[in-house]
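Heads up, the thing below is written out as structure tokens.
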Amino acid sequence: MGLKFKTMSKLIAIVGRPNVGKSTLFNRLTQTRRAIVDDTAGTTRDRQYGKVDWNGQEFSIVDTGGWVVNSDDVFEEEINKQVEIAIEEADVILFVVDSTTGVTDLDDKVAQILRRSKKPVIVVANKEDVGDARFNAAEFYSFGLGDPIEVSSANGSGTGDLLDEIVKDMPEKEDDDEAEEEIPKFAIVGRPNAGKSSLINAFIGEERHIVTDIAGTTRDSIYHRYNKFGFDFYLVDTAGIRKKQKVNEDIEYYSVIRSIRAIEASDVCILMIDATRGIEGQDGNIFGLIQRNRKGLVVCVNKWDLVEDKSVTAQKRYEDAIRTKFAPFTDFPIIFTSALTKQRIHRVLETAMQVYENRKRVIPTSQLNTYMLEQIAVTPPPSNKGKFVKIKYVTMLKDAVIPTFVFFCNLPQWVKEPYRRFLENKIREKWDFHGTPIAIFMREK
């Protein structure tokens with residue numbers, strides 16, 4: 001067919017019993033060599049997911065530890081469930097064990113599950129810097145999962161070798177000599193039971209509306225092409241949306257790890273929120289994933305037909321609560337729908353198309369300078385220790401993933417986050433970037 005889709009980055013999952021240092025390792029890896037590739041304010045709320053760039057290879061990493069439901073009293077079953085999900089979803093699994101204690105019964109059980117899988121597993125013997133712990137590392141050969149890599153996630157030793165091992169079998173980045181087809185890709189995401197399947201079925205339920213199903217660049221992303229009512233887009237589906245899973249659908253970690261795939265493969269995300277349950281922590285997690293990946297956003301408050309108070313005031317209250325929860329990024333559309341009765345579902349598509357167009361909007365440099373330099377003259381950056389920042393010129397980068405503005409000034413290091421937000425707000429007031437994140441950089445003139 002000659003279609004080309006961007007290769008999604010590999011997904012690496014960290015598994016292991018509690019207190020072996022999974023989260024410390026996660027934090028260590030995601031700070032390695034420009035690790036967190038997004039410095040947007042407000043994205044740190046979702047600490048269990050990050051992107052790592054090592055020697056030009058980029059991958060996503062997810063820490064299972066953050067989703068253990070009963071963290072004070074962790075049940076073996078819960079850990080096993082999370083390991084099974086990681087096996088199903090991830091491309092490579094990091095099995096973290098504690099060198100200070102050697103092999104425990106729970107480690108053995110996790111290893112048993114991992115051995116049955118066909119996934120690449122790297123045994124990570126953590127805390128090798130503590131006392132005589134390094135002499136215990138040989139014990140981990142008993143798992144039958146290959147050579148353990150000894151690291152200290154606390155001080156970083158051994159993590160370079162670990163990263164080399166992770167990326168060694170990843171394919172080199174391809175040169176995009178064939179242009180990617182310019183058709184928007186929308187992903188419908190949200191926590192379980194928010195109505196994702198109902199909305200997808202409302203869009204693609206009648207078989208004749210699906211023009212083509214194209215397998216994506218990873219084993220579990222499928223693009224359904226929807227070409228009807230004047231719309232033409234790909235709906236990014238992950239194999240699990242209609243596939244019965246071995247694991248419980250309602251586990252939080254499952255919905256997050258599944259969302260990562262769909263979000264990375266899309267241009268615009270339609271985030272479903274269940275009107276009958278309100279905004280929950282999990283919605284914040286998934287919003288964080290969308291932000292971290294710099295995707296367009298349409299929030300869809302579903303099951304509005306089941307809410308008793310449907311007044312304009314109630315709707316406004318709900319909107320305000322969502323924007324407060326997701327601040328500082330608040331410039332995105334919110335639509336109240338019912339996938340069941342198909343109320344406003346076409347408006348969801350129209351809005352997603354508009355957000356996609358906003359992501360591609362280009363402002364001529366002359367217009368940008370005329371307007372922005374005037375705003376800056378009225379409200380200049382605050383002085384810092386007697387130093388005054390003078391912004392001379394602004395331009396918009398071509399071919400950036402999201403709208404990106406570069407301000408040239410004499411002291412870029414003195415321009416702090418509140419002033420960047422002021423600049424962003426002024427840009428948004430003047431031009432329509434509704435639903436898309438924008439990036440602001442300060443450079444020395």
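The values are calculated or read from the model by the stated rules, or taken from the named source; none is laboratory data. For clarity, every value in this text was computed on a predicted model and none was experimentally measured. Cβ atoms come from the backbone with ideal geometry, glycine included; neighbour counts cover every protein chain shown. Side chains are part of the model used for accessible areas, which takes the heavy atoms of the whole protein and leaves out ligands, DNA and RNA. Shrake-Rupley method; radii C 1.70, N 1.55, O 1.52, S 1.80 Å.
Any residue at all in region 48-61 that is part of a loop (DSSP other than H, G, I, E, B), over 29 Å from residue 138 (Cα atoms) and at pLDDT below 75? Among the residues of region 48-61, at least one is part of a loop (DSSP other than H, G, I, E, B), over 29 Å from residue 138 (Cα atoms) and at pLDDT below 75, which makes the answer yes.
In region 150-172, the residues that are among the small types (Gly, Ala, Ser) form Cβ pairs under 6 Å with partners that are in a loop (DSSP other than H, G, I, E, B), at six or more places apart or across chains, as follows: 152/128; 152/129; 153/21; 158/151.
As an exercise: evaluate residue 210 against (1) surrounded by 13 or more Cβ atoms within 10 Å (Cβ to Cβ); (2) more than 25 Å from residue 29 (Cα to Cα); (3) modelled with pLDDT of 75 or more and give the number of the one condition it does not meet. Status for residue 210: all satisfied but (3). When you scan region 328-348, do you find a residue that is part of a loop (DSSP other than H, G, I, E, B), touching a Cys at 6+ places or on another chain (Cβ under 7 Å) and open to solvent by less than 50 Å² (accessible area, probe 1.4 Å), even just one? Yes, region 328-348 contains a residue that is part of a loop (DSSP other than H, G, I, E, B), touching a Cys at 6+ places or on another chain (Cβ under 7 Å) and open to solvent by less than 50 Å² (accessible area, probe 1.4 Å).
Somewhere in region 430-439, is a residue without any contact (Cβ under 8 Å) to a residue 40 or more places away in the chain, out of contact with any Asp or Glu (no Cβ under 6 Å at 6 or more places or on another chain) and loosely packed, with under 15 Cβ neighbours inside 10 Å? No, every residue in region 430-439 fails to be without any contact (Cβ under 8 Å) to a residue 40 or more places away in the chain, out of contact with any Asp or Glu (no Cβ under 6 Å at 6 or more places or on another chain) and loosely packed, with under 15 Cβ neighbours inside 10 Å. So in region 370-386, with the set limited to residues that are out of contact with any strand residue (DSSP E or B) (no Cβ under 6 Å at 6 or more places or on another chain) and surrounded by 12 or more Cβ atoms within 10 Å (Cβ to Cβ), which one is modelled with the lowest pLDDT? Result: 384. Filtering region 313-343 to residues that are farther than 17 Å from residue 278 by Cα and without any contact (Cβ under 8 Å) to a residue 24 or more places away in the chain leaves only 330. Inspection of region 395-410 identifies no residue that is surrounded by 12 or more Cβ atoms within 10 Å (Cβ to Cβ), on the phi < 0 side of the Ramachandran plot, in a helix (DSSP H, G or I) and of a type outside the set (D, E, K, R). For region 131-148, does any single residue satisfy the condition of being open to solvent by 50 Å² or more (accessible area, probe 1.4 Å), among the polar types (S, T, N, Q) and either modelled with pLDDT under 75 or more than 18 Å from residue 19 (Cβ to Cβ) (or both)? Within region 131-148, one or more residues are open to solvent by 50 Å² or more (accessible area, probe 1.4 Å), among the polar types (S, T, N, Q) and either modelled with pLDDT under 75 or more than 18 Å from residue 19 (Cβ to Cβ) (or both).
Being closer than 27 Å to residue 187 by Cβ, among the aliphatic types (A, V, I, L, M) and modelled with pLDDT under 85 is a property that residue 86 has. A residue that is among the polar types (S, T, N, Q) and modelled with pLDDT under 95 can be found somewhere in region 342-362. Every test in (1) open to solvent by 10 Å² or more (accessible area, probe 1.4 Å); (2) in a loop (DSSP other than H, G, I, E, B) is passed by residue 152 save one, and that test is (1). If you check 321, 275, which single one turns out to be more than 30 Å from residue 406 (Cβ to Cβ), surrounded by fewer than 17 Cβ atoms within 10 Å (Cβ to Cβ) and at pLDDT 90 or above? Just a single option satisfies the conditions, and that option is 321.
Please work out which residue is nearest to residue 442 (Cα to Cα), limiting yourself to region 411-420 and to residues that are touching a strand residue (DSSP E or B) at 6+ places or on another chain (Cβ under 9 Å) and loosely packed, with under 15 Cβ neighbours inside 10 Å. It comes out as 413.
Given the criterion at pLDDT 90 or above, more than 12 Å from the chain's Cα centre (by Cα) and surrounded by 22 or more Cβ atoms within 10 Å (Cβ to Cβ), identify the matching residue among 299, 236. Sole residue among the options that is at pLDDT 90 or above, more than 12 Å from the chain's Cα centre (by Cα) and surrounded by 22 or more Cβ atoms within 10 Å (Cβ to Cβ): 299. For region 130-171, the set of residues classified as among the aliphatic types (A, V, I, L, M) and either touching a Gly at 6+ places or on another chain (Cβ under 8 Å) or within 19 Å of residue 100 (Cβ to Cβ) (or both) consists of 130, 133, 137, 138, 149, 151, 154, 162, listed by residue number.
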